[in-house]
Amino acid sequence: MIEIDGIESSSETKTYAMTYLHNCRISKEYRNQLLNWVGTYLDENMLENIIVYKNSEHWDQPFESIKNEAENDLEIAALYAPSSEHFNIEMMVFEGNLLSIFNILLSKTVEHLEERTIAH
């Protein structure tokens, strides 16, 4: 398990994000889209699978591709918010935090995979 500043990123951060989403006042569809995003991009195993797949398919810049997909998917999730929620500062900050956590987790996951590759 990868740790980010004392937080087990694939469990504690993901759980925190999901709990926050279940308890905030946003539309059901927007919530579902954000929960799907969290389930995909804040899950260590899912990220490892995406990285391994992209490496096996010889993608140009696989990590940049993953970052772009995460950003695009989060933007798409935001489109599900009704217009009254588009300028919700708390959700904007939350989404920014999700991207920051994702970027840290992606870096740590890449390091972890490289260490495993070197060990074998």
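Okay, here's what the table says:
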read-out: Helix 14-23 axis, angle to the chain major axis (alpha carbon atoms, nearest 10°); value: 10 degrees
read-out: Computed helical MRE - 222 nm, the chain, DSSP H runs ≥ 4 contributing -39500 (n - 2.57), nearest 500; value: -24000 deg cm²/dmol
read-out: Per-residue ³J(HN,Hα) for the stretch 82-98, Karplus 6.51 cos²θ - 1.76 cosθ + 1.60, θ = phi - 60°, Hz, x for Gly and Pro; value: x, 4, 5, 9, 5, 10, 6, 4, 4, 6, 4, 5, 4, 4, x, 5, 4
read-out: Karplus 3J(HN,Hα) series, Hz, for the stretch 35-46 with 6.51 cos²θ - 1.76 cosθ + 1.60 (x for Gly, Pro); value: 4, 4, 4, 4, x, 8, 9, 10, 10, 4, 5, 5
read-out: Of the trypsin sites (Lys or Arg not before Pro) in the stretch 22-92, those whose Cβ has at most 15 other Cβ within 10 Å and which sit in DSSP loop; value: 25
read-out: The chain: most fluctuating residue of 48, 75, 57 per GNM, C-alpha cutoff 10 Å; value: 57
read-out: GNM flexibility winner over the chain from 58, 86, 22 (Cα, springs under 10 Å); value: 58
read-out: For the chain, alpha-carbon Rg over 2.2 N^0.38 Å; value: 1.12
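Where a number appears in this text, it was derived from the coordinates with a stated rule and is not lab data. A quick note: this is a predicted structure, and the numbers were derived from the prediction, not measured. In this analysis, Cβ positions are derived from the backbone assuming ideal geometry, glycine residues included, and neighbour counts consider all displayed protein chains.
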